[in-house]
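> Following this message is one structure expressed as structure tokens.
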């Protein structure tokens, strides 16, 4: 999570037309079906007609976990995309926003200021 008091920056980072990547680690209750990567890559129709933009699905070898990279963030999008291919998400964690990975040295609930380089990267993100 990134907290900022710069409203213009927050808007630029969150608007789908800027294509800022958000990466999540996930686990599902059943192996992802073969072909799920292609379905995610071309975009999925979920919940009776809503279309999700393409996403990069990077499943693990056992297809029960992996990573997904999105450039938009619709309500419960990853859970709904998994359901569209017959699986249910059992855990989900954002591990990267733009070029900033989750800091492994931070415990849940801890935070740290962004570095000047990270801030510059966010300002340049598209």
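> Report the paramagnetic label zone for residue 71: residues of the stretch 29-45 whose backbone N is under 16 Å from a point 7 Å from Cα along the Cα-to-Cβ axis.
40-44
> What are the semi-axes of the equivalent ellipsoid of the chain, taken as the square roots of 5 times the eigenvalues of the Cα gyration tensor, listed largest first and rounded to whole Å?
27, 18, 12
> Let me ask something additional. To the nearest 0.05, what FRET efficiency results for residue 96 and residue 3 with a Förster distance of 22 Å applied to their C-beta separation?
0.85
> Let me have the 222 nm mean residue ellipticity of the chain computed from DSSP H runs of 4+ only, each contributing -39500 (n - 2.57), with the sum over all residues rounded to the nearest 500.
-7000 deg cm²/dmol, from helical runs alone.
> Compute the distance in nm between two label points, each set 7 Å from the Cα along the Cα-to-Cβ direction, one at residue 84 and one at residue 54.
If labels sit at residue 84 and residue 54, their model points lie 1.4 nm apart.
> If you rank 91, 105, 54 by fewest surrounding Cβ atoms within 10 Å, what's the result?
The order, fewest Cβ neighbours first, is 105, 91, 54.
> Please report, to one decimal in angstroms, the Kirkwood hydrodynamic radius of the stretch 41-105 built from all distinct Cα-Cα pairs.
By the Kirkwood definition, the hydrodynamic radius is 12.9 Å.
Read-outs: derived from the displayed coordinates by stated rules, not from any lab. Everything numeric here is computed off the predicted structure, so don't read it as measured data. As a convention, Cβ positions derive from the backbone with ideal geometry for all residues, glycine included, and neighbour counts pool all protein chains shown.
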